[in-house]
1. Please list, ordered by residue number, the strands (runs of 3 or more DSSP E) wholly in region 5-86 having 2 or more residues that are among the hydrophobic types (A, V, I, L, M, F, W, C) and closer than 24 Å to M136 by Cβ.
2. Counting just the residues of region 133-164 that are more than 13 Å from V121 (Cα to Cα) and among the polar types (S, T, N, Q), which one comes out surrounded by the fewest Cβ atoms within 10 Å (Cβ to Cβ)?
3. Out of V44, V103, V74, V57, report the one residue that is surrounded by 13 or more Cβ atoms within 10 Å (Cβ to Cβ), hydrophobic (A, V, I, L, M, F, W, C) and out of contact with any helix residue (DSSP H, G or I) (no Cβ under 9 Å at 6 or more places or on another chain).
4. Restricting attention to region 165-181, and to residues there that are of a type in the set (S, T, N, Q) and under 15 Å from the mean Cα position of the chain (by Cα), which single residue is surrounded by the fewest Cβ atoms within 10 Å (Cβ to Cβ)?
Amino acid sequence: MIYVALLRGINVGGKNRVEMGRLRATFEDLGLARVSTYINTGNVIFSDENRSTEVLVPSLEAAIAGEFGFDLKVLLRDIDTMSATEDALPAAWANDAGTKSDVMFLWEGVDDPSVIDALPVKAGIDEVVYVPGAVMWRVDRANLTRSGMRRLVGTKLYREMTIRNCNTVRKLVELMRQASA
């Protein structure tokens, strides 16, 4: 099975510095195959045919803590789940000069359609869509400072998600498909 490990909170604001070569080696030392990283924000694609996510996640978190000296949350998504998320992402949504479009991947405890009700969405400014495992958010950059979603940072809910822009999500799915070929 092809997976992507989405690491939360690395290489942000100079905190939790993780060098991608060492991160790849950490995954390889666990016996994972076809390990690759994408950009410096904690996206690791790999293959494993023997272990469940229930075994992989704590193994990865322990290995990362042992190698880098700090605890990180790891969220795993398999290729089918990531493909379904990408398929649900509106084709017109982009992360570019005109719009900001993110995918907020949810940990199991908050992964429910009702999570939309807990988000500080401003009608007419923010567009949000729930799909199993994620919330998709789009805002015109001209309205970014008016977005209610800026109040999400620092909340309990915010700590139960890891965010990637829609361009990164599309690229991760492409890389996962290449790894499975």
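1. Result: 43-47, 74-78.
2. T155
3. One residue alone meets the criteria, V57.
4. Pass one, region 165-181, residues of a type in the set (S, T, N, Q): 165, 167-168, 178, 180.
From the residues that got through so far, the ones that are under 15 Å from the mean Cα position of the chain (by Cα) too are 165, 167-168.
Details: N165: 17, N167: 13, T168: 18.
Restricting to residues being of a type in the set (S, T, N, Q) and under 15 Å from the mean Cα position of the chain (by Cα), the top hit is N167.
For every residue, the table says whether it meets (1) touching a residue at least 24 places away in the same chain (Cβ under 8 Å); (2) surrounded by fewer than 16 Cβ atoms within 10 Å (Cβ to Cβ).
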| residue | (1), (2) |
| --- | --- |
| R22 | yes, yes |
| T37 | no, no |
| A65 | no, yes |
| G69 | no, yes |
| T99 | yes, no |
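Taken together, the values in this text are just the output of simple stated rules run on the coordinates, not laboratory data. The shown structure was predicted, so the numbers you read here are calculated from the model rather than taken from an experiment. Every residue, glycine among them, receives a Cβ derived from its backbone with ideal geometry; neighbour counts consider all protein chains shown.
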